[in-house]
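Scroll down for the structure; my scribbles are underneath it.
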Amino acid sequence: MSVESYSRIRSVYAKLNNMFFKYEDEVVGTLMATLSRENYLLIGPPGTAKTTLVYALSKLLNARWFYRQLTKFTDLEEILGPINIAKLLDGKIERIYANSIVESEFALLDEIFNASSAILNTLLSILNERVVYDGEKVVPVKTWTVFGASNRIPDEEELQALYDRFPIRVFTEWVSPDDTEPLIVKGWELRMDLERIEPLATMDDVQVVNKVITQYVYDHIKDISKVISPIISNYVEHIPISNRTRVKVPMYVTTYLLLHGIDIGRTELTPALLRVGTIKVLKYLVSNKDQLSEYNSFATVHMPEDLLRLSELLSEAKALINNEVYDEARQRINDARELLNQIRSKWDNVMVRLYTEEINEMEELLKRLEEALNIGRR
């Protein structure tokens, strides 16, 4: 049963990646949060498909979703539902929770840091405990994952507790001017896809996967922690991560590996896989955009030796071309091409998948250097 659920969840992952243009990090973060039953924050300017991503996910999982754009004037009734007038006439204060956040499986709260203090206090209990304190009642909410969207990081002291309740974060941007043409094409394809989108999995699959992963992490926590803790300890010397979030990293790592083809519970999570998964996941735990450059430096240092050597060869070739030392540049490029072919042919398939982005980027750079060399030698 779990293997079938794994397959269906991965089909959702593949579909979202196919639908959206250059949205890999956003998609991975969305599904990591969903499978971990975690809260997730997308930070970026308007017009970067944040709402559309959550809408598409809800359709692919046939999940009930709730959306509100929050302002200082948003009141509790818009979040929790209106007061039941019929009950009020009988002297009872009760809400109608239908179509509110209480009855949703996914909730997307746009511009979440603009909400009033009353809304923010209500949200904290939803984010932490999945309950609402409504008068004297404690109301369980059905919300599985809360997605926040914002165009800013809060600097107000009173919002820091709320911000930390969204440990998985992705900073999204408008695409570069050079990508305008493929963006337009992909945008129109997305528009049509959304009109005919059909579920590929269900929330039952999400719950099955969540249960299996949670149990696996619990059963193997000592072995997992022994591998990943030194990496996290090294990382947090440069980029702080709260205690609350550090405890959850094993869950995120296991979820990340599952999305990339590892059948949790059937395939051994070797120290090598756990290390790679940890390094990859740390990208989604930065507190601000400036920390991404520090993360990239950290991730580069911890790349496999073959990729480090490939990166060095490409850097040397680029410097040699800039200085018009073409014969030596050609040798570096030939060595880089040979090493790249070895990586693709000899590496384990799982490791190739985990480092697909880095391998593709280096191959693109290699092609550009080959073109530059040919132009320079004319």
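The values are calculated or read from the model by the stated rules, or taken from the named source; none is laboratory data. Treat the numbers as computed from the prediction; the structure is a model and nothing was measured. Cβ coordinates were reconstructed from backbone atoms using ideal geometry, including for glycine residues, and neighbour counts include every protein chain displayed. The protein model used for the area step is the full one, side chains on, heavy atoms only, and it has no ligands, DNA or RNA in it. Shrake-Rupley method; radii C 1.70, N 1.55, O 1.52, S 1.80 Å.
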Search the structure for amide H atoms under 5 Å from the amide H of residue 141, placed 1.01 Å from N in the peptide plane, and list their residues when 5 or more places away or on another chain.
-> 131, 132
Vicinal HN-Hα couplings computed from phi for region 246-253 (Karplus, 6.51 cos²θ - 1.76 cosθ + 1.60; Hz; Gly/Pro x) | 4, 4, 8, 4, x, 5, 5, 4
May I ask you to give the solvent-accessible area per residue for region 1-130, in square angstrom, as obtained with a 1.4 angstrom probe?
-> 42
For region 288-378: accessible area per residue (Å², 1.4 Å) | 61
State the percentage of accessible surface on region 239-344 attributable to carbon and sulfur atoms; use a 1.4 Å probe and exclude ligands, DNA and RNA.
-> 45
What number, rounded to the nearest 500 deg cm²/dmol, is the helix-based mean residue ellipticity at 222 nm of the chain, given -39500 (n - 2.57) per DSSP H run of at least four residues and division by all its residues?
-> -19000 deg cm²/dmol
For the charge dipole of region 129-185, defined by +1 on Lys and Arg C-beta atoms and -1 on Asp and Glu C-beta atoms about the Cα centroid, which residue among 175, 135, 162 has the Cα displaced farthest towards the positive pole?
-> 135
Long pairs among 50/142; 50/283; 186/283; 289/318; 142/248; 22/367, criterion Cα-Cα beyond 24 Å | 186/283; 289/318
Rounded if a/c under 1.5, otherwise prolate or oblate - region 229-326, Cα gyration tensor axes = oblate
On the accessible surface of region 1-109, probed at 1.4 Å, how many percent belong to carbon and sulfur atoms?
-> 53
Return the carbon/sulfur percentage of the accessible area of region 115-185, one whole number, probe 1.4 Å, all protein chains in place.
-> 54
